[in-house]
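The values are calculated or read from the model by the stated rules, or taken from the named source; none is laboratory data. None of these values were measured; they are calculated from a predicted model. Every residue, glycine among them, receives a Cβ derived from its backbone with ideal geometry; neighbour counts consider all protein chains shown.
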Amino acid sequence: MNSPAIAPSSIRWFPADANAVESRCPVCRELRRNAPVLAVGSLADGSTLTMYQCSACDSKFFDPPDIRDFSEIIGRGDHFPKSYVEVVCGIWETFWPAGCASRKAHATLLDIGCGFGFSVDAWRRLRGEAIGVEMADYGRAGAKALGVPIYSDYLENIPELESRRFDVVYASEVIEHVPDPRAFATLLARHVAGDGVLCLTTPNASFIRERNVSSTLLAALSPGFHGFLIGPVAMEDILRACGFAHVSVREFGERLVGWASHRPLDVDPQSPAVRAQYLDYLESVLASRAENDSITDGIAYRHFRDTVLAGQFDAARRSLQRLETSLGEKYRADVLHPVRARELVQSLASVDEFSAACPWFLPNFYFLRGMYAKLVERDEEGARQCFRTSREVTTFLSRSWGDMLVLEALSFLPEAWQQEAVSAAGQGDSSVCVEWMASIANGGPDIVAAFGGSRPSDHQIERAFVEGLSLLGSLNRREALREALHDCLSYLDNTYGDWLRAAPTVREKLPGAALQLEQQMLLHLKIAAACTQVGARTELVRPLLERAALLAQLQDPQSPMTRSVAAEARARLAAPSPGFNPWGTANQGMKISYSFQTGSKPPTRP
Ligand SMILES: [Zn+2]
């Protein structure tokens, strides 16, 4: 890896009243006094870059931008093309914004900055003609490997395309790399058919907030490679300035997507048809590829990932078999054995050694393999070993060579650790849960190191407390429970101020809580139960139970879980006898179905 290891925790955030300085916004071109937002090391050479927020359009930009060639961010070693096709390229993430832009069964696509060309390939197999444009080397490699048409030049230099119009003109994560975003959008707009759609995606300037610190945020910033990040208002202005009467700009976490047309838009990002098309594409590639190369591995891995996460286990079984056969042909057998795989990885000394010895999705695969072992094979010990391998390999890779090549694995890490703790607890072993709770601690600085350099989201931390308090309570680890409870209360105090101590008459949700209503109720119940069990902070028990019961009234109609938690809270308020089972019937800690969130790139995959 050429790039210096810049951790998300090393970002320095300016206070809200920091001194503004006069500068010109590269997005809207206004000369204004703009306040600094953050300072961060360049991923290219480590030099400090300062980001400002445009007071006119809310875009954010580095001044000076100090832009490097994008290939520097990912290094020039042989490992990049391999990691890209195996896992780094988000095929779903690049496909869906274009896929849902048009409802025509047969439609044409022009994909500018198409990368390796997976979306071009998918479109041609599913929807109709598709043409890609890509200047970088992997465009040429993809055109050859996938057999799709990709021009290797700037759009304005391609005479064959000069008079062509397309149903969908698409540029995913390109506009943040161009010198003049307005001119770029105007150029693309000329190729949109009369009833066609222009679709642009880009990192979302509104996501850049201290609360969202994570490897995802660092990737969106890409200091040294992104000169500016466009905000929703600026994106709308850019698309309207192209002459489109109908514009829809939507935020999806760290990602901003804009659709624009001369006709009324009919865009459904949650479209089941687009999700089905995506899985059809992966299956179509697997069926047509005889050779078991990195492309096949990458497609089989994504199919396994997305079918496991969707609970489509029959389909997952097929891609798992293909994947294990393919990996068995090209790597040492250790790669497919969870315990030996983690020993193997920890013996490797460089990125290139890892790339030669393992597929880049190894830690991600082991998280999903663990879910499959748990839910399908009902093999709790096998699952536990898989989760541990996922966690240890992710942490090892992130600490050794930075986050950029293991972003997806990092997004699985909090869940992998939680699942490992649940599996171990199912075998009567509380040690993983104790270690996991200690890593969460009070949400303080240590949490970043424990999670491979990336802070879990508040949602993940709060879910962890819900599950962890449950597990320690059910295993009757009173001392560990007392410590986890202390940490949980510190975290809530730090995060939500005095809310917990206030009289429980408020009918609003916990202010700013990342949790869903049901999870909030469960957290209250678990804290109350833990307080009862260890005899600490007992003054909190009644308000927490009252709050849990009160929160239930916010949901209409109430889900079965909400009814169950509220009933338990009321029962405890009525009869807090010493022999009362603090875990009752609402213990969700051991549930086998769970709602998984990657914490990024919504909408979730099929
Ligand atoms: Zn601006």
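Laid out as a table, the results:
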{"quantity": "So residue 468, is it buried (at least 24 other Cβ atoms within 10 Å of the Cβ) and small (Gly, Ala, Ser)", "calculated": "yes"}
{"quantity": "Total residues in the stretch 31-42, condition within 10 Å of the ligand (Cβ to nearest atom) and within 33 Å of the chain's Cα centre (by Cα)", "calculated": "1"}
{"quantity": "Any hit, the stretch 252-260, residues being farther than 26 Å from residue 37 by Cα and surrounded by 24 or more Cβ atoms within 10 Å (Cβ to Cβ)", "calculated": "yes"}
{"quantity": "Selected residue (criterion: farthest from the ligand (Cβ to nearest atom)) from residues of the stretch 43-53 that are surrounded by fewer than 22 Cβ atoms within 10 Å (Cβ to Cβ) and among the hydroxyl-bearing types (Ser, Thr, Tyr)", "calculated": "47"}
{"quantity": "Condition check for residue 191: touching a His at 6+ places or on another chain (Cβ under 9 Å) and either of a type outside the set (Val, Ile, Thr) or modelled with pLDDT of 95 or more (or both)", "calculated": "no"}
{"quantity": "Filter result (within 9 Å of the ligand (Cβ to nearest atom) and outside any strand (DSSP E or B)) within the stretch 11-30", "calculated": "25, 26, 27, 28, 29, 30"}
{"quantity": "Among (1) within 16 Å of the ligand (Cβ to nearest atom); (2) crowded, with 18+ Cβ neighbours inside 10 Å; (3) not charged (D, E, K, R), the one test that residue 56 misses", "calculated": "(2)"}
{"quantity": "Residues being under 15 Å from residue 217 (Cβ atoms) and without any contact (Cβ under 8 Å) to a residue 24 or more places away in the chain - total across the stretch 1-52", "calculated": "0"}
{"quantity": "Out of 249, 308, 274, sole residue that is buried (at least 17 other Cβ atoms within 10 Å of the Cβ), touching a helix residue (DSSP H, G or I) at 6+ places or on another chain (Cβ under 6 Å) and at pLDDT 95 or above", "calculated": "249"}
{"quantity": "Qualifying positions in the stretch 174-203 - of a type outside the set (Phe, Trp, Tyr), touching a helix residue (DSSP H, G or I) at 6+ places or on another chain (Cβ under 8 Å) and under 20 Å from residue 60 (Cα atoms)", "calculated": "174, 175, 177, 178, 181, 182, 185, 200, 201, 202, 203"}
{"quantity": "Positions within the stretch 122-146 being surrounded by 24 or more Cβ atoms within 10 Å (Cβ to Cβ) and in a helix (DSSP H, G or I), in sequence order", "calculated": "122, 123, 142"}
{"quantity": "Residues being closer than 16 Å to residue 83 by Cβ and surrounded by fewer than 24 Cβ atoms within 10 Å (Cβ to Cβ) - total across the stretch 382-398", "calculated": "1"}
{"quantity": "Any hit, the stretch 421-432, residues being among the acidic types (Asp, Glu) and part of a helix (DSSP H, G or I)", "calculated": "no"}
{"quantity": "Every pair of residues 6+ apart whose Cβ atoms lie under 8 Å, when the first sits in the stretch 381-398 and is on the phi > 0 side of the Ramachandran plot while the second is of a type in the set (S, T, N, Q) and part of a helix (DSSP H, G or I)", "calculated": "none"}
{"quantity": "Helices (runs of 4 or more DSSP H) lying entirely in the stretch 166-256 (those with 1 or more residues that are within 16 Å of the ligand (Cβ to nearest atom))", "calculated": "181-189, 232-241"}
{"quantity": "Selected residue (criterion: surrounded by the fewest Cβ atoms within 10 Å (Cβ to Cβ)) from residues of the stretch 399-436 that are of a type outside the set (A, V, I, L, M, F, W, C) and in contact with a Ser or Thr (Cβ under 7 Å, 6 or more places away or on another chain)", "calculated": "402"}
{"quantity": "Unmet requirement for residue 270, which otherwise passes all of (1) closer than 30 Å to residue 304 by Cβ; (2) touching a residue at least 60 places away in the same chain (Cβ under 8 Å); (3) touching a Phe, Trp or Tyr at 6+ places or on another chain (Cβ under 7 Å)", "calculated": "(3)"}
{"quantity": "Odd one out for residue 239 among (1) touching a Leu at 6+ places or on another chain (Cβ under 9 Å); (2) within 24 Å of residue 122 (Cβ to Cβ); (3) surrounded by 16 or more Cβ atoms within 10 Å (Cβ to Cβ)", "calculated": "(2)"}
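One line per residue, one yes/no per condition, for (1) under 30 Å from residue 196 (Cα atoms); (2) part of a loop (DSSP other than H, G, I, E, B); (3) at pLDDT 95 or above:
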{"position": "9", "(1), (2), (3)": "no, no, no"}
{"position": "32", "(1), (2), (3)": "no, no, yes"}
{"position": "37", "(1), (2), (3)": "no, no, yes"}
{"position": "84", "(1), (2), (3)": "no, no, no"}
{"position": "93", "(1), (2), (3)": "yes, no, no"}
